[in-house]
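Structure, as structure tokens:
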Amino acid sequence: MNINNPTTFSTPDLTLSTSNSSGVAGALRADDTILVYDSTVPTTIASGASAATGSAATSARRDHSHGAYTATAAATQAEEEAASTTTAYTSPGRQQYHPGVAKAWLQSVYSGGTPTITGSYNVASLTDLGVGVYKLVYSTDMSGTDNVAAVCVCRTDNDSSDVATASSPATTGINIALRRGGTKTDLPSMVAVFGDQ
């Protein structure tokens with residue numbers, strides 16, 4: 001202690017806080033070092049994590065960086081077709097490649113003897129091949145001819161003799177035949193096509 005300056009100096013021991021308060025210890029020198037930062041690495045932010053004020057006694061440096069959450073990648077066309085990965089998500093632009101998804105669907109009626117589309121996906125047109133027979137033409141072709149079509153006749157009178165069949169699968173489309181009592185007849189129908197695109 002200097003008798004002309006009876007100030008007691010001590011090692012800085014300031015506490016970082018959210019408010020100011022007076023202490024009881026000695027004074028600080030102009031060249032003292034105060035602990036503000038430590039070497040703790042900031043945690044990685046997890047998806048869906050909640051905000052928190054924290055309780056650390058020291059602060060991270062202002063140029064610190066948090067680890068980023070690694071987002072799940074979109075499945076590739078090959079992954080969709082294999083239908084086996086559990087670490088990728090299905091994006092709207094690739095879901096049609098999954099083997100369990102319809103590659104085309106159609107709801108149609110006959111108007112003046114011509115098949116007319118009332119609702120569809122991946123259907124470019126219907127080609128009339130005769131009474132009760134039409135070809136469904138795809139907007140985007142299939143990759144091969146090993147395709148399956150689920151077809152049904154849409155009738156409100158529930159005629160048990162109504163039959164709908166699919167034939168001649170091609171990369172560009174598939175033929176649909178509609179019969180009532182064994183006779184080809186123009187009837188409304190619904191079709192869903194499965195296969196590889």
Exercise for the section: Once every Cα of region 104-194 carries one equal point scatterer and solvent is ignored, give the base-10 log of I(q)/I(0) from the Debye formula at q = 0.16, 0.19, 0.24 Å⁻¹, two decimals. Expected result: -0.56, -0.78, -1.23
Fill in the blank from the handout: HN-Hα couplings for region 26-36 via Karplus (6.51, -1.76, 1.60; θ = phi - 60°), in whole Hz with x for Gly/Pro, come out as x, 7, 10, 8, 5, 9, 5, 9, 10, 6, 10
Handout entry: Placed amide H near Leu129: partners under 5 Å, 5+ positions off or other chain
Key = Tyr134, Lys135
Practice task
Compute the convex hull volume of the Cα atoms of the chain, divide it by the residue count, and report the result per residue in Å³ as a whole number.
Solution key: 221 Å³
Fill in the blank from the handout: Which of Ala83, Ala27, Ala46 fluctuates most in a GNM of the chain (C-alpha springs under 10 Å)? That residue is Ala27
Handout entry: Computed over region 1-98, the ratio Rg/Rh where both radii use C-alpha atoms and Rh is Kirkwood
Key = 1.38
Problem - Equivalent ellipsoid semi-axes - Cα gyration tensor, region 63-135, angstrom - result: 44, 14, 7
Exercise for the section: Please give the peptides 140-150, 183-193, 8-18, 125-135 ranked by average Cβ packing (other Cβ atoms within 10 Å per residue), highest first, as a rough proxy for protection. Expected result: 183-193, 125-135, 140-150, 8-18
Handout entry: Alpha-carbon centroid distance for the pair region 144-197 / region 61-131, whole angstrom
Key = 22 Å
Practice task
Please give the calculated 222 nm ellipticity per residue for the chain, where each DSSP H segment of at least 4 residues contributes -39500 (n - 2.57) and the sum is spread over every residue; nearest 500 deg cm²/dmol?
Solution key: -500 deg cm²/dmol
Fill in the blank from the handout: Note, Leu126: beta-carbon cut-off 14 Å, +1 each Lys/Arg, -1 each Asp/Glu, net -1
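Only the coordinates and a few stated rules stand behind these numbers; no lab work does. Source: prediction; values computed, not measured. Note that we place each Cβ from the backbone using ideal geometry, even for glycine, and neighbour counts take in every protein chain shown.
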